[in-house]
1. Order these by the 10 Å Cβ neighbour count, fewest first: A:334, B:98.
2. Using only C-alpha positions, report the orientation-averaged shadow area of the convex hull of the stretch B:361-471, nm², one decimal.
3. Which distance in Å, rounded to a whole number, links the C-alpha centroids of the stretch B:313-341 and the stretch A:176-238?
4. Explain nothing, just the number: relative contact order of chain B, from Cα pairs under 8 Å at least 6 residues apart, as a whole percent.
5. About its Cα centre, how strong a charge dipole does the stretch B:100-197 have in debye, to the nearest 20, once Lys and Arg get +1 and Asp and Glu get -1 at the Cβ?
6. Counting other C-beta atoms within 10 Å, which of A:149, B:389 has the fewest, and how do the rest follow?
7. In whole angstrom, how far apart do the alpha carbon centroids of the stretch A:292-311 and the stretch B:95-147 sit?
8. Which three semi-axes in whole Å describe the equivalent ellipsoid of the stretch A:53-117, each the square root of 5 times a Cα gyration tensor eigenvalue, listed largest first?
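Read the figures in this text as sums done on the coordinates, not as results from a lab. Model, not experiment: these values are computed from the prediction. Here Cβ is always computed from backbone atoms with ideal geometry, including for glycine, and neighbour counts include all displayed protein chains.
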Amino acid sequence: MTPTRKSFIKAVRKAAQKKVVAGPAVAALHIPSDTELRGLAERILRLSDADETEVEIDAGADALTRFANNTIHQNVAEQMLRVSVRTVFDGRTARATTNKIDDESLCRVVLASGELARSQPKVPGLLPMPGPQKYLKVNRYFEDTAEATPQDRARAVAKVVAATAKSGQTAAGIFATGASAMALANSKGLFAAHRQTRAEFSITIMEQDSSGWAKSNSPDMRQFDPEALAASASRKAATSRAPREVAPGRWTVILEPSAVLDLVGFLFYDFAGTAVRDQRSCFNKRMGKKVMGANISLRDDVAHPLQSGPPFDGEGMPRQQVSLVESGVPKNLVYARSIAKKMKTKPTGHGLSLPNESGEAPINLVFDGGTTSLDEMVATSDRAILLTRVWYIREVDPYEKVLTGMTRDGSFLVENGKVAAGIRNFRFNQGILEMLSNVAQLGPAVRAAGEESFDMVVPAMKVNNFNFSEVTKF
Amino acid sequence: MLAWTDLALETARVRGATFADARVVDVRLRDLSTKNGEVGGLSEDESLGLSIRVIANGSWGFAATDRLTKEGVQACAAQAVAIARASSLAKLHDVVMVPEQAYVDTWQNPFIKDPFAIPLERQLALLLAADAEMRRIKGVTISETSMQFRRLEQWYSSSIGSRIHQVKMQSGAGIVATTFSGDEIQKRSYPSSFGGQHQLAGYELIEALDLVAHAPRVAEEAVALHKAARCPDGEHTLILESSQLGLQIHESIGHPIELDRVLGMEANFAGMSFLTTEKLGKLRYASDIVNVVADARLEHGPGLGTFAYDDEGVPAQCTDIIKQGLFTGYLSNRENASIVGLNRSGGTMRAESWNYLPMIRMTNISLLPGNWGYQDLIADTDDAVLMETNRSWSIDDHRYQFQFSTEIAWEIKGGKKVRMLKNPSYSGITTEFWNSCDAICSREHWVLWGTPNCGKGQPMQTMGTGHGASPARFRKIKLGAAFAK
């Protein structure tokens, strides 16, 4: 896979990593306390003679157990601490980053930031750094997850692969756990800190000519059951044996939450004020107009109980809840401080770390759900396609928001209200605004995990007139 | 730094590891970008750390740390051994590797101008000048430029006695003009899209790209696309210029030949491969004129897949992947080479940085040049579409069915380029596509493109890969599926 789909993705990933990255391989690894983070930040701020200085600290430990062919083939752990310094000299700003925290290295990173800043022309519209802010309290650190050991993960994997082998199937997947702490401080007295754990289990179960997939993640590993996920993937692999080839074309499609997530995730940057001002958002000239169905409403909400990540943005501004789409009408955008000033509105706390050219992005999307269960969607369909997940999605037309991609690991033909057979996988070319205008049924919104988007709270959807353009050979 | 790797190896040995290799990596990055005449991003990043990979109880363990102290390194090595013992809880058989010699060596890729020694003011001035040239053209809504430099220094030691020091200097740059008009967004990039061109080279690469000279053309084409005719649908002859062909090679040859993928190790994420092992030496992957190699040696060129030793201490090699159309080779490592009858690894293990486990990665997967002059190829073509510069790419998880779109296309009629076309796309099945190739341009038109952002693995790693290609012609290719209403 060649992953970079937009030039801004690096900056957005950096922001998103604060949601998900890190976690100790063993409990003995030390995640700094807020007091320790504050002490390090103040030590760095004292080294700077810049007009203004900002310090970002990220610390954590991650561990991941990977299995394939019913055995563990990769088992890794990492610990890291990273210090990033942004200085401002006479209206110019730049960033330097290091993972070396001895006194000499910290002095050097402060100096490097200053040298970079002074090498450029003045930045028009650069705002003074913000002062102290108040943040929502979110609890996303769970001791059980932080203390997970390689043995804990290996035992869970061993149980799952033993059951898979007993069924004559083959399993591949991951079990990852981790914890992280981060802080953002500046010379105006702002200090923000966040601690979080994470856990993720993903499994693909294969037979000779079929496969099934399931994945879940959460800051709290007790929120998912690896054996239940494996059982679901196993059933899908068994049900999709001897897949039929059915003709591409316009179909009614039932999208499980993971499939919805990876499709609608491509909309997130379109809600950035900077994207609209740059005329590269699909909402350019469409704000306030009905571009989706009346049953579609979504917001960005870092405080939602199924969401994750820190309650502040890359400049330390508090993340606010923003209603993005109401009954199919795009109502609001998100704004970093500088673009908010240019567009004569207020910042919403969604800015990326400065300096950057992308501005901001909502990364805690929450869709309103409905009441129709996945089983009811199937039961009420005469003829439809049921999709577990979609894959290798890329933007074909940025303004009509047409995406292409493939179905994968559990694609089924539904006939007369029942899953009739597995099918060979399709390529789709589908406009997302068009798709969200054709949603016939919505399931309850859940925290979904995919591979191509940030984790979101989304419902399963039944969509009419979904465009499959070609079919592949398996 | 080798003292740290030695300490890690010794700690692992004492703890019971039967094999270990350790790397210390020191990475320095510089990123510069502009947008609409203003500096966008301006940052430097450095990262230093150590990782150790071990076999204990017949299973793998890996740990990484940025604490380069005696206690930090010993704890990291001990942790790797503990993880390996945990891995053995779900073991089917012991890990076995094909033999490899020990090497003691030092290597650095050649470059003329150290990009980190070039004043930032000069680098920014070049980007701002290219940015201004694009904005001079009426109708451009966004002008963007970028430049990236990466210096990676690595010290590698293994329990079989290798001690290898390598330094790699990488440079890259590109420009993009985006236009919004009516209900359509178009863009043009130079020298390629998604970051431009990247090679193992110094600042001389940036100077040779001459971004400022190409900026007006890029901007003019981005504006002109709005009034261009739409690319036709249906079955047509297709000519691909070399950067798009480089990505086609990456997706439909480079990934399917990764042996870890073939064997199911990537099944949960990146996927598998249609190139199952019984196809080796039997499958007609392509037409007779198609020859593809995986070549990590410096003599192949300054590609992002060029090195002296891979990250498990195996020397750089050239492997025939497709020879006169026949599928002849995989990308392998010490653990899986024997599965396809090799007694030695193909030397393709690489890790993004100190904190990642090495895995099989593309080196320079290149289509060898043919005999056609570019103008002769156009003159020889009655009716075709010539496509340039990737805009979107997607392929299924077994690497059969693909769809690409490009930023721009040109109609070829009667042996001449007659008009610009917009919204081009093509799709097909990998082996059918490569078997339809009937002309490949010569060495003079061959470019070793760098793809700096190839993602693979869990946790996902980003790696640079190289792809040499010259323009080539393909018959009876399906066009237009991406934009069909």
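1. In order of increasing Cβ crowding within 10 Å: B:98, A:334.
2. In nm², the orientation-averaged hull projection of the stretch B:361-471 is 7.7.
3. Distance between centres, Cα-based: 35 Å.
4. About 15 percent, as a whole number.
5. Dipole magnitude for the stretch B:100-197 comes out near 200 debye.
6. A:149, B:389
7. Here the answer is 38 Å between Cα centres.
8. 37, 12, 8
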